[in-house]
Amino acid sequence: MYSLKAFMIYAPLADNAVDVIAPLGELSTHVRTFSKEKGQYTSTDYKDSKLISFVSQNIATNGTKTLVKVPAAHSNAALNLGQWIYAKAIASEIRDDRDALTVALNTAFGGLLNDITFGEIVSDGVRWMPEWITYSLAGQPENRVRIWFADDSMRRQYDQYELAFVAPIDKLDDFFRDPAEVKVLVDAYKLDTALAKAETVKNRKPETYIINRVYKYIAQKAPFINLDTNWMVIIWGPAGNNPDIIKQELAKWILANSQHTEEEWMDIFPDIFTSTEFIVTPFWDNIAIEQKAISSGVYSPTMLLTDIRAKSLKTIKGKNYTTAHIDQNLVQTAFQYASVCASVCGGPYNRGGVKRLDDQWPDYINVAYDSLDAGRMKLATQNWLNFMIQLLIQAEKATLFNDLPQGMARVTRDGIVYIASTHEDILYLVVTKYSMLDI
């Protein structure tokens, strides 16, 4: 599978006023920081268009990603599309009319581009363009391309990220020295030194964010001391500014640069190597009313308890999710969204030992949003429920490669794909429909 995410620049539309970015065809300095490795592609055949690639990668079936130069067939097709959009916009042949644009795109590119979809049609006050277009290029190995035409849309929607780290001490494995020696090393941390190291790590590639995360070191032998340690995080792409993504990537980075095992690191840095989480398994295969041409299907909220347990044992994956743990903490619930039945199990390492959903949200009730009873839930519970509905929507329609809203991430554990996001410092992982249908 080949994946390309890019922006189409139109130099004639640029606004050179101070602190102003043209709504269409101009790329801001901020959005340019979303990727470390960008490519620029032009063609004399498409003189008004310049393609800026932010991520161009091959994705193996096991999820391994390899960055590659944009293949010529893809850059040419994208520039062709870009020039067509520009010409139609300049000629005022694109208006705020989705049906008309759909017909025009499929007429112009039906033999070249498959599965063409696009976002909102936006305007700079004179011209109209789609904020983005996605498609698959015909005659090529499996692929998916997304091109943005509006800087503001890309700023809000771009979901890729890259992270790099600066540790609080020079040699990571020195955290396993005598705790008194570790304290000396940690106390020697200086911000200006860390920032200088960050500049080296960045390698002159401007970042979107540079932040500091504090994680507690817990000594496992005398003297039994706990220390706050500072880890500098360099982020390219706003989607990476997520506490759980940072922890996951930091844990991978530490293990890749250490001789010690994950279990050993877990003892001294539990806040990095463990997670407070709940795994939610919606039973997307449990149908009450089948989908018809003129109406959507509806899931059934009722299900045999033996089936709930059997399927949940196949979808709940992660460190130390033993059968005994699942049996002790698995609960059944349902959501108003499409009437879907679900099971929920808390993680083995959850803070405070809260591992059941009914302990975390004891006042949750399955009622319509506009009912009087909905207001009887605490505001915090209502906010959580709204958060969960958005996760369920994305998990139902997700594929292995589709775009996700910022703040959500695709997480794969032992072949099960979840849509994950954090609410009040707790990670929720919702099993995708396509994973459920595959088990």
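The values are calculated or read from the model by the stated rules, or taken from the named source; none is laboratory data. Here the structure is a predicted model, which means the values were calculated and not measured. No Cβ is skipped: glycine too gets one built from the backbone with ideal geometry, and neighbour counts run over all protein chains shown.
Just one residue in the set D99, D48, D115 is among the acidic types (D, E) and surrounded by 12 or more Cβ atoms within 10 Å (Cβ to Cβ); that residue is D48. Scanning segment 2-28 for residues that are of a type outside the set (V, I, T) and either outside any loop (DSSP other than H, G, I, E, B) or outside the structural domain of S123 (by TED's automatic domain parsing) (or both) turns up Y2, S3, L4, K5, A6, F7, M8, A11, P12, L13. Once segment 340-365 is narrowed to residues that are surrounded by fewer than 17 Cβ atoms within 10 Å (Cβ to Cβ) and small (G, A, S), the residue that is nearest to R309 (Cα to Cα) is G353. Got at least one residue in segment 84-96 being in contact with a strand residue (DSSP E or B) (Cβ under 7 Å, 6 or more places away or on another chain), over 15 Å from Y2 (Cα atoms) and surrounded by fewer than 19 Cβ atoms within 10 Å (Cβ to Cβ)? Yes, because at least one residue in segment 84-96 is in contact with a strand residue (DSSP E or B) (Cβ under 7 Å, 6 or more places away or on another chain), over 15 Å from Y2 (Cα atoms) and surrounded by fewer than 19 Cβ atoms within 10 Å (Cβ to Cβ).
Here the helices (runs of 4 or more DSSP H) wholly within segment 173-259 that include at least 2 residues being under 25 Å from the mean Cα position of the chain (by Cα) are 191-202, 243-256.
Every test in (1) in the same structural domain as I416 (by TED's automatic domain parsing); (2) more than 24 Å from I419 (Cα to Cα); (3) of a type outside the set (A, V, I, L, M, F, W, C) is passed by P301 save one, and that test is (2). Only one of the listed residues (I326, I316) is in contact with a Cys (Cβ under 6 Å, 6 or more places away or on another chain) and either aromatic (F, W, Y) or under 21 Å from D425 (Cα atoms) (or both). That residue is I316. When segment 124-148 is filtered for residues that are closer than 15 Å to N76 by Cα and of a type in the set (F, W, Y), only Y135 remains.
The residues listed here are G352, G346; of these, the one that is farther than 27 Å from I287 by Cβ and out of contact with any strand residue (DSSP E or B) (no Cβ under 6 Å at 6 or more places or on another chain) is G352. The set of residues from segment 225-275 being modelled with pLDDT under 95, among the hydroxyl-bearing types (S, T, Y) and closer than 23 Å to E207 by Cα is empty. For segment 287-323, a residue qualifies if it is part of a loop (DSSP other than H, G, I, E, B) and either closer than 23 Å to D414 by Cα or of a type in the set (A, V, I, L, M, F, W, C) (or both), and the qualifying residues are A293, I294, M303, L304, I316, K317, G318, K319, N320, Y321, T322. Of the helices (runs of 4 or more DSSP H) lying entirely inside segment 324-439, those containing at least 1 residues that are over 24 Å from the mean Cα position of the chain (by Cα) and more than 23 Å from S275 (Cα to Cα) are 379-397.
Conditions (1) surrounded by 19 or more Cβ atoms within 10 Å (Cβ to Cβ); (2) among the polar types (S, T, N, Q), marked per residue:
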residue	(1), (2)
L304	no, no
K314	no, no
K319	no, no
A324	no, no
N329	yes, yes
F335	yes, no
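For the condition surrounded by fewer than 18 Cβ atoms within 10 Å (Cβ to Cβ), in contact (Cβ under 8 Å) with a residue 60 or more places away in the chain and on the phi > 0 side of the Ramachandran plot, G25 does not qualify.
Of the listed requirements (1) assigned to a loop (DSSP other than H, G, I, E, B); (2) within 30 Å of the chain's Cα centre (by Cα), R155 misses just one: (1). Kindly evaluate R413 against the criterion of being over 29 Å from Y135 (Cβ atoms), in contact with a Lys or Arg (Cβ under 7 Å, 6 or more places away or on another chain) and not aliphatic (A, V, I, L, M). Yes. Of all residues in segment 411-431, at least one satisfies being aromatic (F, W, Y) and crowded, with 16+ Cβ neighbours inside 10 Å. Looking across segment 69-90 at every residue that is outside any helix (DSSP H, G or I) and in contact (Cβ under 8 Å) with a residue 60 or more places away in the chain, the one that is farthest from L13 (Cα to Cα) is identified as P71. Comparison of A219, A196 shows that the only residue that is surrounded by 14 or more Cβ atoms within 10 Å (Cβ to Cβ) and over 30 Å from K5 (Cβ atoms) is A219.
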